[in-house]
1. Residue B:2 - would you say it is surrounded by fewer than 17 Cβ atoms within 10 Å (Cβ to Cβ), modelled with pLDDT of 95 or more and polar (S, T, N, Q)?
2. Just to be sure before I move on: is residue A:70 surrounded by 22 or more Cβ atoms within 10 Å (Cβ to Cβ) and of a type outside the set (A, V, I, L, M, F, W, C) in the structure I sent?
3. Out of all the residues in region B:18-36, which are under 15 Å from the mean Cα position of the chain (by Cα) and within 14 Å of chain A (Cβ to nearest Cβ)?
4. Going through region B:1-20 one residue at a time, which ones are touching a Cys at 6+ places or on another chain (Cβ under 8 Å) and not hydrophobic (A, V, I, L, M, F, W, C)?
5. Residue check: is residue B:50 hydrophobic (A, V, I, L, M, F, W, C) and free of Cβ contacts under 8 Å to residues at least 12 places away in the same chain?
6. Condition test on residue A:109, is it within 18 Å of residue B:42 (Cα to Cα), more than 13 Å from every other protein chain (Cβ to nearest Cβ) and in contact (Cβ under 8 Å) with a residue 24 or more places away in the chain?
7. Out of A:77, A:49, A:113, A:21, which single residue is in contact with a helix residue (DSSP H, G or I) (Cβ under 7 Å, 6 or more places away or on another chain), surrounded by 19 or more Cβ atoms within 10 Å (Cβ to Cβ) and of a type in the set (A, V, I, L, M)?
Amino acid sequence: NAGVMQNPRHLVRRRGQEARLRCSPVKGHSHVYWYRQLPEEGLKFMVYLQKENIIDESGMPKERFSAEFPKEGPSILRIQQVVRGDSAAYFCASSLRLGGSNEKLFFGSGTQLSVL
Amino acid sequence: GQQVMQIPQYQHVQEGEDFTTYCNSSTTLSNIQWYKQRPGGHPVFLIQLVKSGEVKKQKRLTFQFGEAKKNSSLHITATQTTDVGTYFCAGGETDSWGKLQFGAGTQVVVTP
């Protein structure tokens with residue numbers, strides 16, 4: 001009965017390197033959301049994906065950031081050429097979404113990205 | 001775009017006291033959800049309110065959704081040390097998929 005699994009929990013990168021954050025949703029959930037949280041701030045929506053489709057990426061920076069949710073395997077949030085300002089906690093959430101209204105989100109434990 | 005604001009940002013409470021945190025949206029919401037995040041943890045769903053004027057209770061927690069569906073409140077009675085954490089409201093938009101817009105949260109510290 002695993003919940004949302006994120007790895008790694010902590011990721012350290014030097015400026016200019018790439019960061020790959022993985023998220024496996026709750027079994028049976030086909031909707032994945034990525035949020036970013038800066039210290040003592042709320043969660044900022046980044047992107048919403050269904051299997052093989054990006055539904056809404058309005059919260060994601062246009063450059064260096066990309067996300068995917070392939071047919072098989074986890075969802076990946078990829079940050080290229082990281083900068084210090086990318087340091088944050090990145091949370092993945094999943095939902096079942098049976099209907100048109102909001103479903104509650106199940107959050108993973110997050111990945112804390114630190115850029116040196 | 002839609003903005004969700006929460007007040008207060010910080011709440012220091014003596015154990016046993018009551019407090020309320022408020023959430024206001026710049027636009028009418030389809031629903032509002034509340035989450036709790038313990039220090040170092042991840043957000044955990046508490047409740048969802050959908051109807052105008054709706055009130056729901058969970059033990060010592062009372063949640064309200066305003067008549068105009070633009071504001072909400074969380075009231076906790078007889079605060080306990082286990083109530084420590086940050087409480088977030090998240091507003092659902094009335095669009096095709098209902099993106100959740102999170103407030104900045106109310107960080108609650110309980111003094112024994």
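1. Working: surrounded by fewer than 17 Cβ atoms within 10 Å (Cβ to Cβ): yes; modelled with pLDDT of 95 or more: no; polar (S, T, N, Q): yes.
Considered against the rule, which asks whether it is surrounded by fewer than 17 Cβ atoms within 10 Å (Cβ to Cβ), modelled with pLDDT of 95 or more and polar (S, T, N, Q), residue B:2 comes out as no.
2. Details: surrounded by 22 or more Cβ atoms within 10 Å (Cβ to Cβ): no; of a type outside the set (A, V, I, L, M, F, W, C): yes.
Answer is no for this residue.
3. B:21, B:23, B:24, B:25, B:29, B:31, B:32, B:33, B:34, B:35, B:36
4. Kept after step one, since they are touching a Cys at 6+ places or on another chain (Cβ under 8 Å), are these residues of region B:1-20: B:4-6.
Answer for region B:1-20, where residues must be touching a Cys at 6+ places or on another chain (Cβ under 8 Å) and not hydrophobic (A, V, I, L, M, F, W, C): just B:6.
5. Working: hydrophobic (A, V, I, L, M, F, W, C): yes; free of Cβ contacts under 8 Å to residues at least 12 places away in the same chain: no.
The answer is no for residue B:50.
6. Values: within 18 Å of residue B:42 (Cα to Cα): yes; more than 13 Å from every other protein chain (Cβ to nearest Cβ): no; in contact (Cβ under 8 Å) with a residue 24 or more places away in the chain: yes.
Spelling it out, it is not the case that residue A:109 is within 18 Å of residue B:42 (Cα to Cα), more than 13 Å from every other protein chain (Cβ to nearest Cβ) and in contact (Cβ under 8 Å) with a residue 24 or more places away in the chain.
7. On the way: A:77 fails: in contact with a helix residue (DSSP H, G or I) (Cβ under 7 Å, 6 or more places away or on another chain); A:49 fails: in contact with a helix residue (DSSP H, G or I) (Cβ under 7 Å, 6 or more places away or on another chain); A:21 fails: in contact with a helix residue (DSSP H, G or I) (Cβ under 7 Å, 6 or more places away or on another chain).
Testing whether each residue is in contact with a helix residue (DSSP H, G or I) (Cβ under 7 Å, 6 or more places away or on another chain), surrounded by 19 or more Cβ atoms within 10 Å (Cβ to Cβ) and of a type in the set (A, V, I, L, M) leaves just A:113.
Condition check ((1) buried (at least 21 other Cβ atoms within 10 Å of the Cβ); (2) free of Cβ contacts under 8 Å to residues at least 12 places away in the same chain; (3) within 12 Å of the chain's Cα centre (by Cα)) across all residues:
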{"residue": "B:10", "(1), (2), (3)": "no, no, no"}
{"residue": "B:16", "(1), (2), (3)": "no, no, no"}
{"residue": "B:38", "(1), (2), (3)": "no, no, no"}
{"residue": "B:55", "(1), (2), (3)": "no, yes, no"}
{"residue": "B:66", "(1), (2), (3)": "no, no, no"}
{"residue": "B:99", "(1), (2), (3)": "no, yes, no"}
{"residue": "B:105", "(1), (2), (3)": "yes, no, yes"}
{"residue": "B:110", "(1), (2), (3)": "no, no, no"}
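The values are calculated or read from the model by the stated rules, or taken from the named source; none is laboratory data. No experiment lies behind these values; they were computed from the predicted model shown. Cβ coordinates were reconstructed from backbone atoms using ideal geometry, including for glycine residues, and neighbour counts include every protein chain displayed.
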